[in-house]
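Each remark here refers to the structure printed beneath this line.
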Amino acid sequence: MNDCIFCKIAKGEIPSATLYEDEEFRVILDQGPATKGHALILPKAHYQNLYELPDELAGRAMILAKKIITEMKDVLDCDGYNVVQNNGSAAGQTVFHFHMHLIPRKEGDKAGISWTPGTLTPEDKEEILSKFSLK
Ligand code: 5GP
Ligand code: ZN
């Protein structure tokens with residue numbers, strides 16, 4: 001993964017505004033923040049997305065997200081937090097090294113992390129529930 005920007009940042013080969021680092025992860029401030037304090041959790045090992053991420057690392061990433069936002073909500077005095085994680089370009093992923101977005105929110109801010117609710121039709125419900133079974 002010689003040309004992966006997040007590999008280089010995570011390993012410290014490119015400097016970054018680092019909030020936290022351990023053997024497995026680096027947590028940095030996003031260079032194009034949705035809101036003040038927007039941070040990214042990067043594993044140091046390269047996995048493209050959540051589908052590829054080993055279960056144990058996925059678990060530790062979520063635990064780390066919990067720790068960081070619990071501390072940061074006091075530092076930033078924010079009112080809420082979005083934890084966002086994009087998989088695939090259709091879902092808005094632009095850097096293909098797994099990462100989690102930690103986005104602090106203030107009441108009334110204009111960060112556009114929302115969607116217009118559609119309708120769960122009987123056909124969609126039937127189709128999805130009949131096709132899906134977790135092995
Ligand atoms: P994605 O769209 O893949 O979920 O998110 C990629 C995020 O990485 C974006 O929010 C973007 O601002 C951030 N980003 C891209 N390149 C860099 C970089 O070189 N440094 C930092 N700190 N953030 C980056
Ligand atoms: Zn990478």
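Numerical summary
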read-out: Of the trypsin sites (Lys or Arg not before Pro) in segment 75-124, those whose Cβ has at most 13 other Cβ within 10 Å and which sit in DSSP loop; value: Lys110
read-out: Neighbour-count ranking [beta-carbon atoms within 10 angstrom, fewest first] of Met62, Met100; value: Met62, Met100
read-out: Computed label-point distance, nm, for sites Asp77 and Lys106 using a 7 Å Cα→Cβ extension; value: 1.0 nm
read-out: Calculated FRET value between Glu24 and Trp115, using beta carbons and R₀ = 25 Å, to 0.05; value: 0.20
read-out: Estimated vicinal HN-Hα couplings, Hz - segment 74-79 in sequence order (Karplus 6.51, -1.76, 1.60; Gly, Pro = x); value: 7, 4, 8, 6, 8, 9
read-out: GNM flexibility winner over the chain from Ile14, Ile68, Ile103 (Cα, springs under 10 Å); value: Ile14
read-out: Computed magnitude of the charge dipole of segment 4-79 (debye, nearest 20; Cβ of K, R +1, Cβ of D, E -1); value: 160 debye
read-out: Degrees, to the nearest 10: 122-131 long Cα axis against longest axis of the chain; value: 70 degrees
read-out: Column: log10 I(q)/I(0), Debye, Cα scatterers of the chain, q = 0.14 Å⁻¹; value: -0.73
read-out: Cysteines without a disulfide-compatible neighbour (Cβ-Cβ under 4.7 Å), the chain; value: Cys78
read-out: Flagged links, alpha-carbon separation over 31 Å, of Lys8/Lys67; Lys11/Lys131; Lys8/Lys36; value: Lys11/Lys131
read-out: Candidates per GluC sites (Glu not before Pro) in segment 39-78, loop by DSSP, up to 12 other Cβ within 10 Å; value: Glu52
read-out: Relative contact order, percent, the chain [alpha-carbon distance under 8 Å, six or more residues apart]; value: 23 percent
read-out: Those aspartates and glutamates that a straight Cα-Cα span of less than 19 Å connects to Lys44, excepting residues fewer than 8 apart in one chain; value: Asp3, Glu13, Glu21, Asp22, Glu23, Glu24, Asp30, Glu52, Asp55, Glu56
read-out: Segment 6-75 and segment 95-114: distance between their alpha carbon centers, rounded to Å; value: 13 Å
read-out: Normalised contact order of segment 33-108, rounded percent, pairs of Cα under 8 Å and 6 or more residues apart; value: 48 percent
read-out: Asp3/Lys125 FRET efficiency (R0 35 Å; Cβ-Cβ; nearest 0.05); value: 0.20
read-out: Positive-pole candidate from Ser89, Gly108, Ile69, dipole of segment 1-126, charges at beta carbon; value: Gly108
read-out: Convex hull projection area averaged over all views, segment 50-117, Cα basis, nm²; value: 5.8 nm²
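FYI, it's all coordinate maths here, none of it is from the lab. Quick caveat: nothing in here was measured; it's all calculated off a predicted structure. Positions of Cβ are generated from backbone atoms using ideal geometry, with glycine treated the same way; all protein chains shown enter the neighbour counts.
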